[in-house]
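I have placed the structure first, in the form of C-alpha cells, so that the comments after it can refer back to it.
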Amino acid sequence: MFDNLTDRLSKTLKNISGKGRLTEENIRQTLHEVRIALLEADVSLPVVRSFTKAVEEKAIGQEVNKRMTPGQEFIKIVRNELIIAMGEKNNNINLSVAPPAIILLVGLQGTGKTTSVAKIANFLHEKFKKKVLTVSTDIYRAAAIKQLETLSSQINVDFYPSNFNQKPIDIVQNALKEAKIKCYDVLLIDTAGRLHINDYMMDEIQQIHKLINPIETLFVVDAMMGQDIANAAKIFDKKLSLTGIILTKADSDARGGSALSVRHITGKPIKFMGVGEKIEALEQFYPERIVSRILGMGDILSLIEDIENKLDVEQVENLTKKMKKGDKFDLSDFFQQLKQIRKIGNISDLVKKIPGLGKLSNNIKPEINDKILINMEAIINSMTIKERENPEIIKGSRKRRIANGAGVKVQDVNRLMKQFTDMQNIVKKMKKSSIHKISKYIKNMVPQNFYKN
C-alpha cells in the first residue's frame with residue numbers, strides 16, 4: 001500500500017543522508033520534497049502541514065548525536081514524526097469487560113466490514129482462544145447475512161442466524177441474549193454499509209449502539225478510498241464515539257494516505273490492517289513497524305510473527321530430521337516448502353520486512369506473486385511419486401507430459417527444475433549462507449518473465 005510513498009521518501013531522504021551539516025536551506029528543500037510525496041500519497045493537506053511543521057521545528061537547530069551524521073539525524077526525526085502521526089503505539093482490541101465483550105463494526109458501503117468481522121473472529125478464536133459469536137444486521141444487501149454465516153463456518157466460529165425480514169435492532173437484541181445465555185466471550189456485530197449523510201441509516205446505527213453499549217466500535221476504512229474517508233470517519237465518531245479503525249485492502253496499490261489522514265483527523269488508533277483476501281490476512285497495527293516499512297528499514301518483528309503463526313512447525317521439524325539423517329532433498333520436500341511460503345504470504349511482501357532488502361523487493365515485485373507459486377505447485381502435482389523422488393529421470397517426454405498436465409510450457413518445467421537444483425544447493429549450504437546469499441537466492445528463485453506469455 002505504501003510502495004509509492006516509500007519510493008519517493010527513499011529517494012528524497014537519500015539526498016540528505018550524506019550531508020555533512022544540516023542547514024535551513026537543505027532542510028526546507030528536503031521537506032518540500034517530503035510534502036510532495038505525502039500529497040501524492042493522498043495524505044490530507046492539514047496532516048501534511050502539521051507533519052512538515054513538526055519536522056522542521058525539530059530539525060532546525062537540532063544537536064546532532066555524535067554517532068550519527070546530520071542526515072541520519074534528520075531521517076530519525078522524520079521517522080519519529082511519522083510514528084506520532086500514526087499513533088505512537090499499538091492499541092490492542094479491548095476485551096476488559098464482563099463477557100460478552102461486544103464489538104461493533106461500522107462504515108461506508110463496500111469497505112469490507114463483513115470480511116473484517118470474520119477476520120477478527122478468527123484472530124480472537126485462534127490467538128486468544130475466545131468463544132466468539134458473530135451476527136449480521138445487514139438486511140439491505142443481498143446475501144450479506146449468508147456471507148457472514150459461510151465465513152464463520154469456515155473458521156469454526158458460531159453464527160447467530162438472522163434474516164432480512166427482521167429489524168436490525170431486534171437482531172442485535174436477540175443475539176446479545178444468546179451470547180449471555182451461552183456464555184460467549186465475544187459478540188461480533190456486522191452492520192450495513194451506510195453513508196454518513198444518510199440521516200435514517202445513521203439514526204439506526206445510533207439506536208443499535210445505544211442499546212448494546214459496545215466495548216469497541218471500529219470504523220472500517222478502505223485504503224483505496226481518498227481523503228473524504230477521513231471526513232466520514234469524523235462524522236461517525238461524533239455519532240458513535242469510535243474506539244478504533246480497521247484499515248482494509250492494505251495489500252492493494254492504494255497510495256496509503258488514508259492511514260495517516262484518518263488517524264490524525266479522528267484521533268482514533270488504527271487497530272488492524274487487512275492485508276489480503278484470506279481470513280488469516282489480518283495484522284495488528286504497529287505504528288513503529290509500519291513506519292520502518294515505509295522508510296525501507298524492514299520489519300523483522302512482523303516477519304517473525306508471520307513465521308511463528310503460519311508456519312507448520314511439524315513439517316519443519318520433519319524436514320530438519322530428514323536433513324540430519326542425510327536423506328536427500330527431493331521434489332516432494334520442495335513442494336512442501338512452496339506451500340509453506342504461500343501460507344506465510346507473498347514473497348515480495350516478506351522480503352520488504354527483512355532489513356536491508358527493501359530495494360531487492362522492488363526489483364522482484366513484478367516477477368513474484370501467488371500465481372507463480374500456484375503454477376509451480378501445479379507442475380509438481382503433475383509429476384508421479386517416482387519422478388518427485390528421482391528428479392534426474394525427468395527428461396524430454398516426461399517434461400512434455402508434466403507441462404501438459406500443469407497447463408504450462410516445457411520451458412517452465414525446465415525453469416522449475418533449475419530452481420529445485422538451486423534449492424538443493426541452498427539447503428546444503430544453509431548453515432554457511434550469509435544474508436547476501438539468501439537474498440540473491442530469493443531474487444533468482446523465480447526468474448524474470450517466468451510464465452510470461
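Things worth noting here:
- Being among the basic types (Lys, Arg) and modelled with pLDDT of 90 or more is a property that residue 146 has.
- Every pair of residues 6+ apart whose Cβ atoms lie under 8 Å, when the first sits in segment 38-61 and is closer than 13 Å to residue 27 by Cβ while the second is surrounded by 13 or more Cβ atoms within 10 Å (Cβ to Cβ) and among the aromatic types (Phe, Trp, Tyr): 59/74
- Residue in segment 311-334 that is modelled with pLDDT under 75, buried (at least 22 other Cβ atoms within 10 Å of the Cβ) and of a type in the set (Gly, Ala, Ser) present: no
- Hits in segment 229-276 (condition: at pLDDT below 80, in contact with a Gly (Cβ under 8 Å, 6 or more places away or on another chain), crowded, with 21+ Cβ neighbours inside 10 Å and not in a helix (DSSP H, G or I)): 250
- Of residues in segment 109-133 being within 22 Å of residue 202 (Cα to Cα) and β-branched (Val, Ile, Thr), the one modelled with the lowest pLDDT: 111
- Qualifying residue in segment 175-195 (condition: surrounded by fewer than 14 Cβ atoms within 10 Å (Cβ to Cβ), at pLDDT below 95 and either within 30 Å of residue 265 (Cα to Cα) or basic (Lys, Arg) (or both)): yes
- Pairs meeting the criteria (first residue in segment 115-128 and in contact (Cβ under 8 Å) with a residue 24 or more places away in the chain and more than 18 Å from residue 192 (Cβ to Cβ), second residue surrounded by fewer than 22 Cβ atoms within 10 Å (Cβ to Cβ) and of a type outside the set (A, V, I, L, M, F, W, C), beta carbons under 7 Å, at least 6 apart or on different chains) are 122/280; 124/130.
Matching residues to (1) outside the structural domain of residue 135 (by TED's automatic domain parsing); (2) aromatic (Phe, Trp, Tyr):
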site	(1), (2)
77	yes, no
80	yes, no
95	yes, no
106	no, no
110	no, no
117	no, no
123	no, yes
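- Residues located in segment 171-218, provided they are of a type in the set (S, T, N, Q) and over 32 Å from the mean Cα position of the chain (by Cα): 173, 174, 207
- Residue within segment 177-198 that is part of a loop (DSSP other than H, G, I, E, B), hydrophobic (A, V, I, L, M, F, W, C) and farther than 22 Å from residue 119 by Cα present: yes
- Top-ranked residue in segment 7-38 [being modelled with pLDDT under 80, hydroxyl-bearing (Ser, Thr, Tyr) and part of a helix (DSSP H, G or I); ranked as nearest to residue 77 (Cα to Cα)]: 17
- Any hit, segment 414-437, residues being among the acidic types (Asp, Glu), surrounded by 17 or more Cβ atoms within 10 Å (Cβ to Cβ), modelled with pLDDT of 50 or more and assigned by TED's automatic domain parsing to the domain that holds residue 332: no
The values are calculated or read from the model by the stated rules, or taken from the named source; none is laboratory data. Quantities reported herein were computed from a predicted structural model and do not represent experimental measurements. Heads up, the Cβs are rebuilt from the backbone with ideal geometry, glycines too, and the neighbour counts pull from every protein chain shown.
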